[in-house]
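The values are calculated or read from the model by the stated rules, or taken from the named source; none is laboratory data. Not measured: the values here are computed from a predicted model. Quick reminder, even Gly has a Cβ in these numbers, built from the backbone with ideal geometry, and neighbours come from all protein chains shown.
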Amino acid sequence: MPATISKADVRNIMQEMSDEGMNLDEFVERIILLSKVRSGLEQTGQGIPHEEVVQEFTKPRGERKWN
């Protein structure tokens, strides 16, 4: 699920845009980047710990929890 971008976030980017003279493409890229960064931060800790992955890959394919 994509991260939520608030009106305040858009206003901040627009302020930077006017200060830096950025064009519309750069504005859209900043919004997309902010969304992806927030989405990644929201997913922190949702993966499988490295130690568990290593342990599972030492088992034969049919005996792993996940294939």
Can you confirm whether segment 17-25 contains a residue that is surrounded by 13 or more Cβ atoms within 10 Å (Cβ to Cβ) and without any contact (Cβ under 8 Å) to a residue 24 or more places away in the chain? yes
What are the residues in segment 44-67 that are loosely packed, with under 10 Cβ neighbours inside 10 Å, part of a loop (DSSP other than H, G, I, E, B) and among the β-branched types (V, I, T), if any? T44, T58
Residue under question is M1, and the condition is that it be surrounded by 10 or more Cβ atoms within 10 Å (Cβ to Cβ) and at pLDDT below 85; does it hold? no
